[in-house]
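Reviewing the structure listed below.
The values are calculated or read from the model by the stated rules, or taken from the named source; none is laboratory data. Since we're looking at a predicted model, the values are computed, not measured. Cβ coordinates were reconstructed from backbone atoms using ideal geometry, including for glycine residues, and neighbour counts include every protein chain displayed.
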Amino acid sequence: MSKAVLVDLTKCIGCKSCQTSCKQWNDLPAIKPQFDNTLSYPAETDGYTYTTVLHRTTEKNGQETLRFAKRQCLHCLEPACASACFAKAIQKTPEGPVVYNPDLCVGCRYCMLACPFSIPKYDWESVFPQIVKCQFCFDREGTHDRIGHGMEPACVNACPTGCLKFGERDELLKEAWKRINKYSKYIKHVYGEKEAGGTSWLYIADVPFETFDFRTNVPNIPLSTYSHDYLKWSPAVFIGGGALLSALHFYTKRRNEIAKEKDKNHDINA
Amino acid sequence: MAAQKWSFKITPLRIILMLLAALAAVIAVYRLATGLSTVSNLNDNWPWGLWIGLDVLTGVALAGGGYSASLIIHILHVEKFKPLSRSAALTSLIGYLLVVAALFLEIGRWYNFWVPFVSWGYHSTLFEVFMCISLYTLVQIMEFSEILTERVLTFLHKPIVKIMPVLLILGTLLPFGHQASLGGLYLLQVGRLHPLWWTPLLPWLFLMSSFFVGPAMITIESSLSGRAFNHHIDKQILRSFIRISGYVMIAYLAIKIIDLIRLGVFGYIFEGSLESNMFLLEMIIGVIIPIIICFSPLSATKKGLITFGVFTTAGVVLNRMNVVFTGMYKALGSGYFPAWTEWAVSAGLIAGGILLYLFIVENFNILEYDKKYQTA
Amino acid sequence: MAGLANSFGRGAMTNHFNDYKNTDVFLVIGSNAAETHPMAMKWIQRAKELRGAKLIVADPRLTKTAAHADIFARHRPGTDIPFLLGIMNYAIQNNLYHKEYIANYTNASYLVNPNYGFQDGLFSGAGEKNGKFSYDKNTWQYQKDGETIKKDFTLEHPNCVFQLLKKHVSRYDIETVSKITGVPKDIYRNVCETFASTGAPEKSGNIIYAMGITQHTYGTQNVRAIAMLQLLLGNIGKAGGGVNAQRGESNVQGSTDLAMLSHLLPGYLGVPNATKHTCLQDYIEKETPPSGYWKNKPKFLISLLKAFYGEKATKENDFCFDWLPKVDGKNRSHMGIFQEMLDGNVKGLIAWGQNPAVGGPGAQFERKAMEQLDWLVVVDLFETETAAFWHGPGADPKNIKTECFLLPAAFSFEKEGSVTNSGRWIQYRYKAVDPPGEAKTDTWIADKLFKAIRKEYQNGGKFPEPILNMHWDYDKPGHDEPDIAKIALEINGYAVGENKPLDSFGKLADDGSTVCGMWIYTGYWAMDKDFKVAKCKRRSREDSGLGTFLKWSFSWPLNRRILYNRCATDPQGNPWDPKRALFKWNGTKWIANDVPDYNSKIAPEKSAQAPFIMLPNGNGRLFANGLADGPFPEHYEPMESPVSNIISKQQNTPCASVFKGDWAKIAELGDSRFPYVATTHRQLEHYQSGAVTRNTPSLVEVCPWMYVSLSENLAREKGIKPGDEVWVETIRGKIKCLASVSPVVKPLTVNGKKIEVIGLPWHWGYQGMSTGATANDITPAVGDGNTSIPEYKAFLCNIRKA
Ligand code: SF4
Ligand code: SF4
Ligand code: SF4
């Protein structure tokens, strides 16, 4: 069974409890971010921050209002970041979390580019920077583990409003739809149900997800499908190509030799 | 020949190149010791910048001249092109060495560079690129050691000549893999990379363009070295050589057009945006004009050949830069412009490459060998 | 709190947080619960989800609370009274008020002196006393028949409170209110309709407020308006109803209960006045009402004196009443003290967990005032701006002679003891970690300080008796820390000679046989029979379903969760809403889901006559004749206002506490230099003056910059872009901060005129990890006539690019 979190943005009050408790649980350093007009600090997750609460003003029923969205790794079911990592430093665990292991990381940052949600960040200031992203409080045998101990993530634990709910993905997905069908305020879309082939963190909201610049043009299939569709040819190309090239090599060589010999013969005959 | 002395002419241009290379070396050491943020403007929005775009993606494509030549000369045994083989192989080798150097600077945890050899992330396109480039560089070094061992470590010469066919086949095959895979890296950018560039066929387009840029590079290079070392290649040979490129370009153009139509994004070409203009520029300079030159009497002239070379090469550079920068600009924002140190390293690497080329050409049997075939 | 005490009898939140889930309609006014009380928001959301509750938010700013509102009414700072009176008017005009409730449980039926009147914005009796405006309250008294007040239960008599109220609020029709407040008429009508719908007996409406209501020159009357509206709609004493004052700190209710105020002794006993109360007898006679629960006041006071002076307090010596400090009629509130300090009359200051250099009104002047001190002791976690006043902006350390001491204090997690939350729950907490370095708990500091002072007095001094004879016996053998249990026992109360905590203040006596440090808490330290712990340590989640959680901690008084809960049923004892029945009279006894706040031994009809047991007449006050500035609230403009009062000729409240000097300078009406309305506010990332939060890295990170919110419109006019540095100026000074441009604030149309509003958080200062301009440097030092609370929430300013 795979663990998941349902984020109901209609309940979020932007209190940032999730954000600070994540920092504290994970022993992340605090920084002093740039001024941000929306007062989202930091304005994006960064090399020291797994999760941040985005603040946006938007309009609803003809009046301005505020909405908030906690942002962190979505823990894709088939993560593009993991598929992109050529050293297996990022891996999807059967429990659900997509976790990063700095010991294997080469620092190529392809995962940063690969993630359709722009989640992985880098602690640029270090001499040997690490990739930084929410680990879903999963740190088997480590000091920051909660999931492994059967606890809910630190952020979920800290949320006062029930905006964050931890559980099994299929159950939470059902609940998400139940809420959507019960209350008319919701947008009829569970963000993460299908995006990039599905994610472990699911969002529901009463404003369009574009409000928070959530990408809505992410394909509904795992992104890795595209590279797999391509990579699956590799063995064939290498074996077939190898054979073909060898054959060509010897064939053309032979042909040239024959041609030369012919020339010679021709000379002799002449 | 064994008694020949090492020689390296010092000219003002070479001094400049050396200074550039030395500066790059200093910056490189500094970067390795202090991290990336001290020398680059890379950031969370733009994790990949100039070094990947120019030094790696473009570098590999341009260094690809080696493999198209190798395919044509060694595998298909089109003997008339033999005069090109050694200089093509050298450029290619140097190109790859630069790519490897750039990659080493690029990775944040460089002491872990070996990890992928043991921890195989085989589902990653980058894994294929990495493995291929590593193997290929190795193969190239071995291939090239045929030439080296003519002068140094001569006892190895015989065994190397023996295994040459295997090396040659490998050396042709591997680039197919990573040239395509470099394009494959951007498959994951679906929805982010502008649709004028993103297509599931991206790897194959990269492969084709890296193939047709090979002969173009060789024309440029031979005309340069022709001037410098009096190493003139018969125009006719070059002309039929670039013809091969020409056919591939026609195929490339056709595929690209059909693909754009198939994906329903043809309209973007003429929308007048930065992306569409850059795309048009890339296609006109890099594909359409070269095709025209190639299949017209122009290609019989020296000027025509050089123009073909320059345009095609520029087109491919533009294409790679468009994929890395122009096409991603909308998705990633405008938060990146390379730092002077990044430019300096890129320039220094190229300078170093040129110096290495010059040194090798002056001291090893590269052009002579080619000449021999030319006169044969 | 004065507004509440004068309406209901106690100055405390009537319900509690968990009870919010029972509400049908919330009106949150002058409170930003989502940021300042996030846990309250949890229960508001629960009510929305469980019962489709509606949330109305009235605030000048689009707050995080407003973001969740069903109706958001943007009103101009300082116009709460018209906003609230308008709803009352609407409810009365449309017959939506709870008639049976007000007739029985409030003073609606009382007849008032026929000479009572109201004209031109002033109540009858306006006059001058000692050169200051004041009301003669004679005409505000009830008509009496001997000792009994005349009543008309039909509520028709023209002199009855209800008719007076009806007349008073009739001037606040939707049109007028909209003109004053700037709330568009359709939105305001919607507010009225929605909230007045809770006048139906089976509905519960809940008003939540905080500093946005109290910090005005008429803050007490703002609270009164809320209390009256809730009485009118019958929302007091019910599950899901109430007037819920959300306190500004985790334990501010506790500190109010224990009288961290200049005019009170612990347990809301008034401080004796030097001239008025020359002896105990005087005090008892003058201050004990003949009826209501306060008739027991002597018991509470004498038990308190026993707690102060122990065996020394005997009947013969008036239980040492003479030793109690007395007030002299001068203003001894925060601003009063600083005024004296400015004048050089105050020589020493102990700032204990307080940071007036940031938090006080006209903070720059308060720092100036501190320069006059001979010595300053600051007890805090960090070197606050107050501790560092001598090197603040504009201070020249060379010229400051003040000797400063900083005593490092322990944080709340580093000490044991109880905390009283807004909902009056006294919850015991244990120490999580030891304090760092030399930091000590407050009790330790107080203990050592007192002992040291006593030692000094042993060598003589002025009036040493109260110090030398103070009962001070909190030592715990073998420990450096005083014994918390001994202190708790003394607060709770015990019978002399027995060291057992009493379980009810009903057992306190006025003969010196009982000791009690604070009568309203009695019982909190008593043992729970089932759990074998002191009641404030209980943690049982057992519940009736109404969220009263009677076995979780202890709620003063006597574990009552909802105050005035006699009003939860009709006079016969039937719950107004059977689904949310706190009580039900089954013919012989009460079925209870809460602890009755009334005499449950008598028949329901009898207890129904005096459901507000702390008030002398036992009825909630729609008309309150005890306040300085009027029996009904009336709209006046803030002291600094861009518009003239359109409802009367009286521009400002005549009773404001005004001070002298630069810090009390006030911009005149229509001063073109200061055309914009400013309001200060808090935000969730920082706490109070930021003394702790601006020194906590992870909190600095989530809001590192002082800023000012201004509207997109104003920004455009002034050429200010987001993130620009700007000056915000008032007549008292100017501060520099960054601009946040967003629809959080918007211009309002006030009587046809466009008024821009700007918002300033006040958490910053020049110390700590995140520094920034102090908003209070430019707030006015002018206060409420009853409580002297400063008017932080509405003043005039200008803004320009720096
Ligand atoms: S959201 Fe991005 S970083 Fe997280 S698992 Fe998916 S691809 Fe990886
Ligand atoms: S799941 Fe854990 S690591 Fe991820 S955001 Fe929440 S607290 Fe942080
Ligand atoms: S803790 Fe919950 S309510 Fe608060 S910001 Fe995070 S998700 Fe929103």
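Give the residue that is nearest to the other protein chains (Cβ to nearest Cβ), with candidates limited to residues of segment A:67-81 that are within 16 Å of ligand 2 (Cβ to nearest atom) and touching a Lys or Arg at 6+ places or on another chain (Cβ under 7 Å).
Among those residues, the one meeting the criterion is A:PRO79.
What are the residues in segment A:54-66 that are within 16 Å of ligand 3 (Cβ to nearest atom), touching a Phe, Trp or Tyr at 6+ places or on another chain (Cβ under 9 Å) and at the interface with another protein chain (Cβ under 10 Å from one of its Cβ atoms), if any?
Matches in segment A:54-66: A:HIS55, A:ARG56, A:THR65.
Yes or no: segment A:21-30 includes at least one residue that is more than 13 Å from ligand 2 (Cβ to nearest atom) and either out of contact with any Phe, Trp or Tyr (no Cβ under 8 Å at 6 or more places or on another chain) or on the phi < 0 side of the Ramachandran plot (or both).
Here is the first cut: in segment A:21-30, the residues more than 13 Å from ligand 2 (Cβ to nearest atom) are A:29-30.
Those still in the list that are either out of contact with any Phe, Trp or Tyr (no Cβ under 8 Å at 6 or more places or on another chain) or on the phi < 0 side of the Ramachandran plot (or both) too: A:29-30.
Yes, segment A:21-30 contains a residue that is more than 13 Å from ligand 2 (Cβ to nearest atom) and either out of contact with any Phe, Trp or Tyr (no Cβ under 8 Å at 6 or more places or on another chain) or on the phi < 0 side of the Ramachandran plot (or both).
Matching residues to (1) crowded, with 20+ Cβ neighbours inside 10 Å; (2) assigned by TED's automatic domain parsing to the domain that holds A:THR211; (3) in a strand (DSSP E or B):
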site	(1), (2), (3)
A:THR10	yes, yes, no
A:ALA43	no, yes, no
A:LYS70	yes, yes, yes
A:LEU74	yes, yes, no
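Just name the residue that is farthest from ligand 2 (Cβ to nearest atom) out of those in segment A:55-66 that are in contact with an Asp or Glu (Cβ under 8 Å, 6 or more places away or on another chain) and touching a residue at least 24 places away in the same chain (Cβ under 8 Å).
Top of the filtered list is A:LYS60.
Would you pick out the residues in segment A:82-100 that are among the polar types (S, T, N, Q) and either away from ligand 2 (no atom under 15 Å from the Cβ) or assigned to a strand (DSSP E or B) (or both)? Give the derivation first.
Looking only at segment A:82-100, we keep the residues that are among the polar types (S, T, N, Q), and these are A:83, A:91, A:93.
Of everything in segment A:82-100, those that are among the polar types (S, T, N, Q) and either away from ligand 2 (no atom under 15 Å from the Cβ) or assigned to a strand (DSSP E or B) (or both) turn out to be A:SER83, A:GLN91.
Using the structure shown, decide if C:ALA67 is touching a helix residue (DSSP H, G or I) at 6+ places or on another chain (Cβ under 8 Å), without any contact (Cβ under 8 Å) to a residue 40 or more places away in the chain, within 14 Å of chain A (Cβ to nearest Cβ) and not basic (Lys, Arg).
Here the answer is yes, as C:ALA67 does meet what is asked.
Of all residues in segment A:148-162, which are under 13 Å from A:GLN19 (Cα atoms) and either away from ligand 1 (no atom under 16 Å from the Cβ) or within 14 Å of chain C (Cβ to nearest Cβ) (or both)?
A:ALA154, A:CYS155, A:VAL156, A:ASN157, A:ALA158, A:CYS159, A:PRO160
Is there a residue being away from ligand 2 (no atom under 16 Å from the Cβ), within 14 Å of chain B (Cβ to nearest Cβ), assigned to a loop (DSSP other than H, G, I, E, B) and in contact (Cβ under 8 Å) with a residue 12 or more places away in the chain anywhere in segment A:112-122?
Among the residues of segment A:112-122, at least one is away from ligand 2 (no atom under 16 Å from the Cβ), within 14 Å of chain B (Cβ to nearest Cβ), assigned to a loop (DSSP other than H, G, I, E, B) and in contact (Cβ under 8 Å) with a residue 12 or more places away in the chain, which makes the answer yes.
Please go through (1) surrounded by fewer than 22 Cβ atoms within 10 Å (Cβ to Cβ); (2) in contact (Cβ under 8 Å) with a residue 60 or more places away in the chain; (3) in contact with a Pro (Cβ under 6 Å, 6 or more places away or on another chain) for A:PRO94 and return the number of the only condition it doesn't satisfy.
The number of the failed condition is (3).
Taking the condition within 14 Å of chain B (Cβ to nearest Cβ), among the hydrophobic types (A, V, I, L, M, F, W, C) and either within 15 Å of ligand 3 (Cβ to nearest atom) or surrounded by fewer than 20 Cβ atoms within 10 Å (Cβ to Cβ) (or both), does A:PHE166 pass?
When the stated conditions are applied, A:PHE166 does not pass them.
I need a count of the residues in segment C:390-426 that are over 28 Å from the mean Cα position of the chain (by Cα) and crowded, with 21+ Cβ neighbours inside 10 Å. I'd like the intermediate steps shown before the answer.
To start, the set of residues in segment C:390-426 that are over 28 Å from the mean Cα position of the chain (by Cα) comprises C:390-408.
Imposing the further condition that a residue be crowded, with 21+ Cβ neighbours inside 10 Å reduces the set to C:392.
Of the residues in that region, 1 qualify.
Given the residues B:LEU185, B:LEU207, B:LEU170, B:LEU201, which is the only one that is in contact with a helix residue (DSSP H, G or I) (Cβ under 8 Å, 6 or more places away or on another chain), touching a residue at least 60 places away in the same chain (Cβ under 8 Å) and within 11 Å of chain A (Cβ to nearest Cβ)? If you could, list the steps in order and put the result at the bottom.
Numbers: B:LEU207 fails: touching a residue at least 60 places away in the same chain (Cβ under 8 Å); B:LEU170 fails: touching a residue at least 60 places away in the same chain (Cβ under 8 Å); B:LEU201 fails: touching a residue at least 60 places away in the same chain (Cβ under 8 Å).
The unique qualifying residue is B:LEU185.
Just to be sure I understand, how many residues within segment C:1-35 are surrounded by fewer than 24 Cβ atoms within 10 Å (Cβ to Cβ), within 14 Å of chain A (Cβ to nearest Cβ) and farther than 19 Å from C:ASP543 by Cα?
1
Quick one: how many residues across segment C:27-76 are away from ligand 3 (no atom under 16 Å from the Cβ) and assigned to a helix (DSSP H, G or I)?
The total comes to 3.
Regarding A:ASP145, is this residue without any contact (Cβ under 8 Å) to a residue 12 or more places away in the chain and either away from ligand 3 (no atom under 13 Å from the Cβ) or part of a loop (DSSP other than H, G, I, E, B) (or both)?
Yes: the conditions hold for A:ASP145.
Identify the residue in segment B:106-151 that is assigned to a loop (DSSP other than H, G, I, E, B) and of a type in the set (Val, Ile, Thr) and, among all such residues, is nearest to the other protein chains (Cβ to nearest Cβ).
That would be B:ILE107.
Restricting attention to segment A:97-106, report how many residues are within 9 Å of chain B (Cβ to nearest Cβ) and touching a residue at least 24 places away in the same chain (Cβ under 8 Å).
So the answer is 2.
Can A:GLY47 be described as of a type in the set (Gly, Ala, Ser) and within 16 Å of ligand 2 (Cβ to nearest atom)?
yes
Restricting attention to helices (runs of 4 or more DSSP H) lying wholly within segment C:218-336, give those where 1 or more residues are over 30 Å from C:CYS192 (Cβ atoms). It would help to see each step written out before you state the result.
On the way: elements: C:219-232, C:252-257, C:280-287, C:297-309.
Answer list for segment C:218-336: C:252-257, C:280-287, C:297-309.
Specify which of the listed residues (C:THR139, C:THR154, C:THR176) is in a loop (DSSP other than H, G, I, E, B), assigned by TED's automatic domain parsing to the domain that holds C:TYR105 and not small (Gly, Ala, Ser).
The conditions single out C:THR154.
Determine, yes or no, whether C:ARG694 is of a type in the set (Lys, Arg) and within 13 Å of chain A (Cβ to nearest Cβ).
yes
Could you go through segment B:16-39 and let me know if any residue there is of a type in the set (A, V, I, L, M), closer than 30 Å to A:PHE128 by Cβ and part of a loop (DSSP other than H, G, I, E, B).
yes
Residue check: is B:ILE10 surrounded by fewer than 18 Cβ atoms within 10 Å (Cβ to Cβ), more than 14 Å from chain A (Cβ to nearest Cβ) and in a loop (DSSP other than H, G, I, E, B)?
Judged against the criteria, B:ILE10 is a match.
Within segment A:122-139, track down each residue that is over 20 Å from B:PHE113 (Cα atoms) and more than 9 Å from ligand 1 (Cβ to nearest atom).
A:GLN135, A:PHE136, A:CYS137, A:PHE138, A:ASP139, listed by residue number.
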